[in-house]
Amino acid sequence: MKIYFERTGGLMGQHLRAEIDADRLDPAARRELEEQVETAQFFTAALPPAPPPSGADRFHYRVEIEAGSRRRAIAGGENDFPESFRPLLRYLEVLARRS
Amino acid sequence: MERHPLACILPPHMVEQIVANGTPEQRAKAIQTAQVSAELRAQRREMAEVERPPSFEVPAAAPVLQRRVYSAGNRSGLPGQLVRGEGAPPTNDPAADEAYDGAGATYNLYWEVYQRNSINDAGMPIDSTVHYQVGYDNAFWNGMQMVYGDGDEDLPADQRLFNRFTISLDIIGHELAHGVTQYTGNLAYVSQPGALNESFSDVFGSLVRQRTLHQDAAAADWIIGAGLFTANVRGVGIRSMKEPGTAYNDPVLGKDPQPAHMRDYVNTPQDNGGVHINSGIPNHAFYLTAVEIGGFAWEKAGRIWYATLCNTIRANSNFQDAANLTYRAASDLFGKGSLEQQAVAHGWNGVGITVEDVDTPPDTRPGCLAGVMKLLGLR
């Protein structure tokens, strides 16, 4: 499994970015990452209707995940992602800090 | 939410003052303005009813502070469960009480110094939600209310970078100021207009904190987000208006990317064109202006920036426009060639922008308080 993750915006305007190759993680970390992706239903979850942009200081994400024959790339504001993605996004944010 | 072009109108108490003390011509204009204002308020109430959930009351026009603090319970639903309403005692939840007190301090700056009655200048309730999501290291304005995360509460202590986002009063002031901008200049949230949008929020956020601490421009630290970082971070805050680019330099967070001068302007597609990066330039211009004027920054420099935001800034205004318009506002408020106007010119010059003294003002926004005051010859 290969993951590209990017977060921009927010009050701080911090740019977080990570490219993760699950094959290079230790077995426990790899298993945890795969569970996060599955729990989020990343490849199948329907996206909520995109609300018109409003307000300020919101996060923007770009997430691409490729696992075998499955691949999905999603980019948008935090409201454009389904609620089920939130733990995965947080998991990737923390991984991106370390990369 | 799109800004209504007539969102800034003459408050009733001001009409009464003009009718009582003005010349016959001023009284006639004030009464005419009041009639228009009443129509606009009716339109605004209709808009509010359309745009807000049915549970929201119609905002009162009287200057009455009405705060509501909700908890999202670490979920995403907004506004969440009400935990403290106006006048209720402290909850002993630091985030909820900081949101409540910070909203009050911000309201007081706008009302007591600039005579602005809440976010929309019509007594709009100030709603805040704390405990948003899990591990949410951010705060934002969603077009109707302020929202605060708890930072890195979900991580082990030695990995935490962020405390709760209500911990910094200027962050609360920053988010509420986005609401004020939405109802006034409504600067587009992209590129230079977006960086100005961010800068106005930093300016008024910092002024709320300075006023609460009773600090003059020389004594203030001009840091945005002091206290937000945990001890694990090498940094004093998320931005420095005094020295943009120096707020943090950390192995995990990286280095503060803000420029302080146009020669270092960052062209980037990220962050809506770098709205949180290039805001360092107008931030520093405000700092230089305020320090040169001296005294309490909210009294003169803040008034110049507020009048500009309310009266003349447009959705697509860029840094040069902001320089020209603040320069003109300083002339309107303190006189042409005044020390205050010279300070504005020097402030912008310090960031690489030369003000252009354009005598003909742009179309004055109908109904804006300062504009109407000027129209009536009361300033």
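No value in this document is a laboratory result; all are computed from the given coordinates. Because the structure is a prediction, the values reported are computed rather than measured. Because the Cβ atoms are built from the backbone with ideal geometry, glycine has one as well, and the counts that use them run over all protein chains shown.
Between A:Arg24 and A:Arg71, the distance separating the two model label sites (each 7 Å from Cα on the Cα→Cβ line) works out to 1.9 nm. Quick note on region B:223-376: its Rg to Rh ratio, both from C-alpha atoms and Rh being the Kirkwood radius, is 1.02.
For region B:223-376, lysine pairs with C-alpha atoms less than 21 angstrom apart, excluding pairs fewer than eight positions apart on the same chain, total 5.
The ranking of B:Thr212, B:Thr308, B:Thr181 by Cβ neighbour count inside 10 Å, starting from the fewest, reads B:Thr212, B:Thr181, B:Thr308. Could you state the angle between the C-alpha long axis of helix A:27-40 and the longest principal axis of the C-alpha atoms of chain A, as a value from 0 to 90 degrees rounded to the nearest 10? The two axes meet at around 40 degrees.
Apply the a/c threshold of 1.5 to the C-alpha gyration tensor of region A:1-52 and tell me whether it is rounded, prolate or oblate. Walk me through the numbers before you get to the answer.
Details: a/c = 2.85, a/b = 1.33, b/c = 2.15.
Here region A:1-52 falls in the oblate category.
Neighbour counts of C-beta atoms inside 10 Å place B:Trp141, B:Trp305 in the sequence B:Trp141, B:Trp305, starting with the fewest. Could you tell me which of rounded, prolate or oblate describes chain A, using a ≥ b ≥ c as the square roots of the eigenvalues of the alpha-carbon gyration tensor, with rounded for a/c under 1.5 and, failing that, prolate when a/b is larger than b/c and oblate otherwise? Verdict is oblate for chain A.
Net charge within 14 Å of B:Pro244 by Cβ-Cβ distance, Lys/Arg positive one each and Asp/Glu negative one each, not counting B:Pro244 itself? Walk me through the intermediate numbers first.
Values: positive: B:Arg239, B:Lys242, B:Lys255, B:Arg263; negative: B:Glu198, B:Asp202, B:Asp221, B:Glu243, B:Asp256, B:Asp264.
The answer is -2.
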